[in-house]
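Notes for the one structure printed next.
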């Protein structure tokens, strides 16, 4: 298979709260690079985070990743959903409920998209400490293309003491755009 040019900068959130949570996240990220159409650029540290919205569940492990991809936003979404399914994620019985793997597109270049299946930037990212803290590890100066402010400013402005975010693991080592 010919490799596509990896000319789109994308930020993803990765999370899990079932089974070996950290391993699930790492396997999901490794699967993302298997096609050769996506390269990992930077990975945040991993965090132990309290559940948000539906709180009667185990805590999550979350991180953020910066990738380069040749996939369109829709093709990337399809790839993320396929990875989640291969990892054992079932249709969500409870909105924001437990999941073996969650891969969300946060930002795709500076595009603003509102379609039936995809809203970018992610519509709740600015309200989520488990998203903002990891993305700030990567680069707190990333601009939110709709709100016109940085991720660092959004994190500083977040006023929700119920959202707990504790460092869990240092970022994994990358070798030529893949986990090593």
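Quick look at the values:
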{"item": "Residues of the range 127-180 classified as loosely packed, with under 12 Cβ neighbours inside 10 Å and either under 29 Å from residue 36 (Cβ atoms) or without any contact (Cβ under 8 Å) to a residue 60 or more places away in the chain (or both), total", "result": "11"}
{"item": "Residue match in the range 89-104 (condition: outside any loop (DSSP other than H, G, I, E, B) and either surrounded by 19 or more Cβ atoms within 10 Å (Cβ to Cβ) or out of contact with any helix residue (DSSP H, G or I) (no Cβ under 8 Å at 6 or more places or on another chain) (or both))", "result": "yes"}
{"item": "Strands (runs of 3 or more DSSP E) contained entirely in the range 6-61, each with at least 3 residues that are under 23 Å from residue 78 (Cα atoms)", "result": "8-16, 38-43"}
{"item": "Flag if residue 111 is surrounded by fewer than 18 Cβ atoms within 10 Å (Cβ to Cβ), modelled with pLDDT of 95 or more and within 15 Å of the chain's Cα centre (by Cα)", "result": "no"}
{"item": "Some residue of the range 72-85 being in a helix (DSSP H, G or I), in contact with a helix residue (DSSP H, G or I) (Cβ under 6 Å, 6 or more places away or on another chain) and either free of Cβ contacts under 8 Å to residues at least 40 places away in the same chain or buried (at least 16 other Cβ atoms within 10 Å of the Cβ) (or both)", "result": "yes"}
{"item": "Residue tally, condition over 15 Å from residue 64 (Cα atoms), assigned to a loop (DSSP other than H, G, I, E, B) and touching a strand residue (DSSP E or B) at 6+ places or on another chain (Cβ under 7 Å), over the range 150-176", "result": "1"}
{"item": "Residue list for the range 45-59, filter: modelled with pLDDT of 95 or more and either over 20 Å from residue 134 (Cβ atoms) or surrounded by 23 or more Cβ atoms within 10 Å (Cβ to Cβ) (or both)", "result": "46, 47, 49"}
{"item": "Residues of the range 38-55 classified as over 19 Å from residue 20 (Cα atoms) and out of contact with any strand residue (DSSP E or B) (no Cβ under 6 Å at 6 or more places or on another chain), total", "result": "4"}
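The values are calculated or read from the model by the stated rules, or taken from the named source; none is laboratory data. If you're wondering where the values come from, they're calculated on a predicted model, not measured in any experiment. No Cβ is skipped: glycine too gets one built from the backbone with ideal geometry, and neighbour counts run over all protein chains shown.
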